Amino acid sequence: MTAKEAYHHLVGSLQANMDAREAANVTSIVFEDVFDWKQGHDNRPLSNLEQDKLGQIGHRLLTGEPLQYVLGMADFYGLKFRVSPAVLIPRPETEELVYQILERAKDRSWKTALDVGTGSGCIPISLKKSRPNWVVSGMDVSQEALIVARENADLNEVNVLWKKQDVLASQDWNTLPSYDLIISNPPYIPNREREIMTSSVLDFEPELALFVPDEDPFLFYRTILQMASIKLNPGGALFFEVNEFNARGLLELVPEGLFEFVELIQDMQGKDRMLYGQMANSN
């Protein structure tokens with residue numbers, strides 16, 4: 001079987017689950033990343049080993065498993081990240097969060113940052129890559145996630161400080177230093193919304209990083225706001241990625257007087273997706 005024949009076979013198979021355009025895009029990524037296939041190599045024969053591997057990939061994709069988990073890699077902010085079911089797949093919305101942080105950093109003297117619930121480490125690693133002089137840390141309660149994050153720091157040749165810690169355990173906050181930046185894309189999906197979510201998320205991505213109790217959807221936001229009131233330096237800032245459907249409710253949750261300035265930031269789709277709180281400088 002030639003590369004061209006195998007390509008068209010996989011496109012046809014994937015159309016059982018997706019439209020023709022998406023099937024072609026996914027197949028192109030598979031062939032480029034796994035088989036180093038380029039235009040002009042259409043007639044290259046695939047070995048039996050390559051055909052077997054392609055069959056395994058096709059089967060996993062047809063079960064609904066996300067492409068990034070199948071390949072074990074994801075692109076984020078111009079960098080490559082290893083991903084596994086221990087961590088969420090980095091999203092374009094989170095790239096916008098990193099962009100907003102770096103834009104606002106241009107006028108600030110921020111030097112230290114903590115990402116709470118770091119997962120794959122995509123936020124602190126991207127920040128460190130863009131600001132090598134910063135001291136950047138990533139915290140997560142999941143040891144499996146931190147293993148992936150450490151691999152990604154090595155892959156992208158940056159030094160990030162990793163902390164296995166549960167942010168909900170407020171008694172342990174005293175083990176942390178203070179920071180110029182506290183950042184988080186925490187769990188924020190109420191359990192009741194499971195029924196409207198896709199199986200590719202529910203069946204493969206880690207529940208620990210997704211869901212919060214129905215009765216307390218702001219659990220992590222409220223906790224991290226409390227931690228920020230103690231651990232943010234004067235002139236520092238808090239950045240959240242937020243659920244567009246309850247962003248206004250989160251804004252109302254911010255304690256009065258905590259920040260000198262606070263705003264919701266819209267993403268490229270015009271949706272409220274980020275919260276930015278700026279601490280006043282000390283007098």
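The values are calculated or read from the model by the stated rules, or taken from the named source; none is laboratory data. The structure presented is a predicted model; accordingly, all values stated were derived computationally and were not measured. Here Cβ is always computed from backbone atoms with ideal geometry, including for glycine, and neighbour counts include all displayed protein chains.
Could you list, in sequence order, all residues of the range 234-253 that are part of a strand (DSSP E or B) and crowded, with 18+ Cβ neighbours inside 10 Å?
Of everything in the range 234-253, those that are part of a strand (DSSP E or B) and crowded, with 18+ Cβ neighbours inside 10 Å turn out to be 236, 237, 238, 239, 240, 241.
Against the definition (closer than 23 Å to residue 274 by Cα and assigned by TED's automatic domain parsing to the domain that holds residue 224), how does residue 105 come out, yes or no?
yes
Filter the range 106-145 for residues that are part of a helix (DSSP H, G or I) and buried (at least 22 other Cβ atoms within 10 Å of the Cβ) and give the result.
Hits for the range 106-145 are 122, 123, 124, 125, 126, 127, 128, 145.
For residue 148, all conditions in the list (1) among the aliphatic types (A, V, I, L, M); (2) in a loop (DSSP other than H, G, I, E, B); (3) under 15 Å from the mean Cα position of the chain (by Cα) hold save one; what is the number of the exception?
(2)
How many residues does the range 1-36 hold that are in a loop (DSSP other than H, G, I, E, B), within 17 Å of residue 65 (Cα to Cα) and without any contact (Cβ under 8 Å) to a residue 40 or more places away in the chain?
So the count comes out to 3.
Run residue 85 past the list (1) in contact with a strand residue (DSSP E or B) (Cβ under 7 Å, 6 or more places away or on another chain); (2) in a loop (DSSP other than H, G, I, E, B) and report the number of the one that doesn't hold.
It is condition (1) that residue 85 fails.
Report whether or not residue 32 is surrounded by fewer than 15 Cβ atoms within 10 Å (Cβ to Cβ), under 23 Å from the mean Cα position of the chain (by Cα), charged (D, E, K, R) and not assigned by TED's automatic domain parsing to the domain that holds residue 144.
In short, no.
Among the numbered criteria (1) closer than 19 Å to residue 112 by Cβ; (2) without any contact (Cβ under 8 Å) to a residue 24 or more places away in the chain; (3) of a type outside the set (A, V, I, L, M, F, W, C), which single criterion is violated by residue 140?
Tallying (1) closer than 19 Å to residue 112 by Cβ; (2) without any contact (Cβ under 8 Å) to a residue 24 or more places away in the chain; (3) of a type outside the set (A, V, I, L, M, F, W, C), residue 140 fails exactly one: (2).
Of the residues 148, 167, which single one is among the hydrophobic types (A, V, I, L, M, F, W, C) and under 18 Å from residue 222 (Cβ atoms)?
Selected residue: 167, the only one of 148, 167 that is among the hydrophobic types (A, V, I, L, M, F, W, C) and under 18 Å from residue 222 (Cβ atoms).
Looking at the range 167-197, which of its residues are out of contact with any strand residue (DSSP E or B) (no Cβ under 8 Å at 6 or more places or on another chain), in contact (Cβ under 8 Å) with a residue 12 or more places away in the chain and either over 27 Å from residue 278 (Cβ atoms) or not in a loop (DSSP other than H, G, I, E, B) (or both)?
Answer for the range 167-197, where residues must be out of contact with any strand residue (DSSP E or B) (no Cβ under 8 Å at 6 or more places or on another chain), in contact (Cβ under 8 Å) with a residue 12 or more places away in the chain and either over 27 Å from residue 278 (Cβ atoms) or not in a loop (DSSP other than H, G, I, E, B) (or both): 170, 173, 192.
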